[in-house]
1. Using only Cα atoms, tell me the angle between helix C:186-199 and the longest principal axis of chain C; keep it within 0 to 90° and round to the nearest 10.
2. Could you please report the charge total around D:GLU73, scoring K, R as +1 and D, E as -1 over all other residues with beta-carbon less than 13 angstrom from its beta-carbon?
3. Which angle from 0 to 90°, rounded to the nearest 10, does the C-alpha axis of helix B:16-32 make with the longest principal axis of chain B?
4. Show that you can apply the helix-only estimate: for chain D, add -39,500 (n - 2.57) for every DSSP H stretch of four or more residues, divide by all residues, and state [θ] at 222 nm to the nearest 500.
5. What Rg and what Dmax come out for region B:61-199 when only alpha-carbon atoms are used, in angstroms?
6. Distances from A:ASP185 to the same position in the other copies: list them in nm, one decimal, shortest first, using label points 7 Å from Cα along Cα→Cβ.
7. Give me the percent of the accessible area of the protein assembly as shown that comes from carbon and sulfur atoms, probe 1.4 Å, all protein chains in place.
8. To the nearest 20 debye, what charge dipole does region D:101-181 have about its Cα centre, counting +1 at the Cβ of each Lys and Arg and -1 at the Cβ of each Asp and Glu?
Protein chains: 4
Amino acid sequence: MKKTENGRPASGPGSDKYERILDAAVAVIAENGYFNSPVSAIAARAGVADGTIYLYFKSKDDVLRTAIDTMFERFHQQVTERFETLTGAREQLEYIAQVHLESHTVNRNLAIVMQTEVRQSARFISEFSLHHLARYISLVREIIRRGQSEGIFRQDVSDGVVAHVLFGAMDELLSSALFTGRVYDAKSTAAQVVDMLLNGITPR
Amino acid sequence: MKKTENGRPASGPGSDKYERILDAAVAVIAENGYFNSPVSAIAARAGVADGTIYLYFKSKDDVLRTAIDTMFERFHQQVTERFETLTGAREQLEYIAQVHLESHTVNRNLAIVMQTEVRQSARFISEFSLHHLARYISLVREIIRRGQSEGIFRQDVSDGVVAHVLFGAMDELLSSALFTGRVYDAKSTAAQVVDMLLNGITPR
Amino acid sequence: MKKTENGRPASGPGSDKYERILDAAVAVIAENGYFNSPVSAIAARAGVADGTIYLYFKSKDDVLRTAIDTMFERFHQQVTERFETLTGAREQLEYIAQVHLESHTVNRNLAIVMQTEVRQSARFISEFSLHHLARYISLVREIIRRGQSEGIFRQDVSDGVVAHVLFGAMDELLSSALFTGRVYDAKSTAAQVVDMLLNGITPR
Amino acid sequence: MKKTENGRPASGPGSDKYERILDAAVAVIAENGYFNSPVSAIAARAGVADGTIYLYFKSKDDVLRTAIDTMFERFHQQVTERFETLTGAREQLEYIAQVHLESHTVNRNLAIVMQTEVRQSARFISEFSLHHLARYISLVREIIRRGQSEGIFRQDVSDGVVAHVLFGAMDELLSSALFTGRVYDAKSTAAQVVDMLLNGITPR
DNA sequence: AATGAATGAGAGTTCATTCAT
DNA sequence: GATGAATGAACTCTCATTCAT
């Protein structure tokens with residue numbers, strides 16, 4: 001394979017145009033939706049010719065799939081890395097929630113695309129995103145089970161239900177922020193929700 | 001104007017073809033997604049000619065919009081009717097959660113369409129679904145605020161956050177059931193989640 | 001054939017609906033053009049059902065053809081009747097010109113339809129209008145030839161050219177009045193143009 | 001941007017396909033009329049794919065509009081250029097009339113399209129052709145007024161009426177030639193009509 | 001590697017006409 | 001005679017993808 005001076009492949013991940021196409025696709029799709037985003041619009045935003053897209057990606061689908069894949073991969077990597085030093089169950093839940101909410105700020109366009117296209121993608125582009133969601137859910141379930149075995153969480157709740165509740169709650173908060181323009185502080189909101197989950201909203 | 005036996009006009013809501021088209025659209029879109037569902041496929045499934053769709057609906061968009069509108073309308077009506085006799089805050093939350101989860105069983109195709117198309121719709125077809133979501137959230141917020149003023153809920157949590165957490169949690173549980181085939185008992189799962197929300201998962 | 005009380009056929013020329021459909025067609029086509037005028041729009045304007053049109057006419061084309069035919073027929077009849085008592089060549093030319101210009105006022109919609117659809121019709125609906133135009137031209141040519149044999153018109157001009165010149169001139173004046181809103185007095189303008197044709201615009 | 005040998009851009013006016021599409025459109029529309037000429041028929045005649053039309057023109061309308069615009073533009077340019085050296089009022093009128101009649105020979109299909117579609121276009125596609133007609137009329141009116149001020153034309157005739165009479169006469173002669181197959185010599189017919197207009201058909 | 005002109009299948013929608021009532 | 005719901009062929013236009021340059 002041909003290499004550039006810095007040793008990276010000229011046309012694989014990490015090349016200039018590859019990244020520009022991904023960014024352009026995310027931006028255009030965030031604005032107009034996948035099916036209202038012609039390849040030509042993505043190419044124009046990336047500053048390349050239409051045909052060039054097909055040197056870097058197999059198809060239009062492939063561009064979107066790659067963008068979403070990358071996002072999930074980064075999320076998972078960021079979280080597992082942090083977990084090497086952050087080991088408390090409550091702290092881990094808070095951290096996951098916080099990173100989830102922060103995607104709003106980190107890359108707003110990508111966050112929008114995740115909200116609007118992932119479930120579609122899950123069913124029509126491929127089932128790849130179910131896999132990613134499953135991994136997120138697994139992560140949380142493990143924490144819950146660990147907490148239960150350590151006696152800091154109730155034994156009579158389903159780890160699966162708790163995991164879905166946490167994911168669903170965070171995703172809806174994110175979604176509502178993206179679409180209504182409401183802003184929040186990711187860290188404190190994450191803490192607030194985790195507290196709710198752990199302690200309930202009934203006064204003691 | 002021609003009337004059917006029950007006195008309703010032959011076209012328009014309630015007519016045979018009108019309902020068949022709506023059902024066909026929901027089924028086809030649930031299977032393939034809105035943008036991968038040609039009008040011709042919907043017509044074929046409904047057993048009518050392509051052009052007939054346009055006697056009952058203004059456009060392809062209009063078919064989907066009507067289906068979703070109707071679903072939300074029924075949800076809201078069912079809940080508010082029940083609230084006339086079911087007045088406890090906890091019981092109301094449980095009822096909303098239960099109805100939400102039951103949509104799985106009531107009309108599975110429509111539930112799938114809601115999961116896959118509503119957020120898309122919210123942004124690209126119109127803003128009508130944001131309106132519907134907002135009404136759901138409002139309903140829950142009012143219950144929370146009432147509970148707070150009655151002293152049965154903590155004062156230090158945001159009613160908005162609680163409402164989004166409940167909605168997100170239920171929607172994610174529904175979604176996961178629809179896409180992974182997991183089954184649950186709507187009533188007991190609803191109770192379990194509401195209990196979690198009210199009492200937390202930390203042992204006392 | 002079924003007859004109405006006054007002895008006219010219920011659905012032939014002269015029946016109420018027959019006339020209403022013709023009028024409606026002319027009005028709608030004047031407004032939107034033949035190809036932008038659905039049969040349903042004509043039916044609505046006439047206050048009948050779409051299908052009813054086909055009880056009175058063979059096709060959409062047939063409606064327009066009939067309207068135009070009738071107009072030409074009336075023109076020809078009006079002119080030939082008047083010629084029984086109006087016999088001078090100059091006077092006859094003035095009369096033809098005047099009637100031509102007056103169509104603006106008599107039935108403005110029909111005049112518009114003649115201007116916009118007749119040449120189209122001539123080629124695409126049928127060649128019937130060429131026939132009508134030919135009859136108009138013949139009428140004028142005969143007058144010219146008579147004038148020439150009587151020695152009141154120059155012998156060295158082609159009767160055909162004169163006839164087309166007169167028709168073209170009147171039709172363009174009519175057209176310009178219809179489309180730009182310019183108004184004129186039909187009688188005096190007709191006289192002015194015929195004078196120009198007979199005496200030229202060069203001072204003596 | 002890619003350039004052809006003559007330095008013009010590959011697409012846009014002057015490119016091979018652009019001209020072929022225009023010619024094909026004019027030919028097909030001359031034969032069948034605008035509304036009976038599917039884009040696919042134009043594409044087939046031009047030897048390109050249907051979609052290719054839309055690389056060169058915004059819409060089907062745009063193709064026709066461009067063809068007509070170009071024709072009018074050429075007419076106007078040809079006439080005004082010649083007027084730099086041809087200054088007599090009678091000679092100018094004769095020249096205009098001659099060029100008008102010659103369109104028959106120069107591009108018969110385009111002449112047919114002008115006859116059949118321009119008035120339609122004037123009302124339904126846009127008002128652009130009224131503008132072109134107005135320019136023609138203006139040109140003639142100026143000549144007439146100049147002739148009047150020079151004393152070679154009568155003062156008591158309306159320059160507007162004369163202009164419309166000349167235009168209408170020429171257009172009708174052209175039209176009749178196109179649709180009946182009659183042939184004439186453009187130059188001598190033009191001279192004959194202008195003579196008629198200037199001197200009348202009454203013997204002195 | 002990069003281009004962008006060209007393709008053509010397929011989309012949503014309209015509407016002249018028919019026919020059961 | 002009158003209706004108008006239903007049909008389905010035909011329309012204009014879009015766009016993912018290819019390939020000669």
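1. 40
2. Within the 13 Å Cβ shell, the charges total +1.
3. 70
4. Helix contribution divided over all residues of chain D: -23500 deg cm²/dmol.
5. In order Rg, Dmax, the Cα atoms of region B:61-199 give 15.0, 46 Å.
6. Those label-point separations list as 4.3, 8.9, 9.9 nm.
7. 50
8. 80
The values are calculated or read from the model by the stated rules, or taken from the named source; none is laboratory data. Please read these numbers as outputs of a predicted model, since none were measured by experiment. Glycine also receives a Cβ, built like all others from the backbone with ideal geometry; neighbour counts cover every protein chain displayed. Quick note on the areas: whole protein, heavy atoms, side chains included, nothing else; ligands and nucleic acids left out. Shrake-Rupley method; radii C 1.70, N 1.55, O 1.52, S 1.80 Å.
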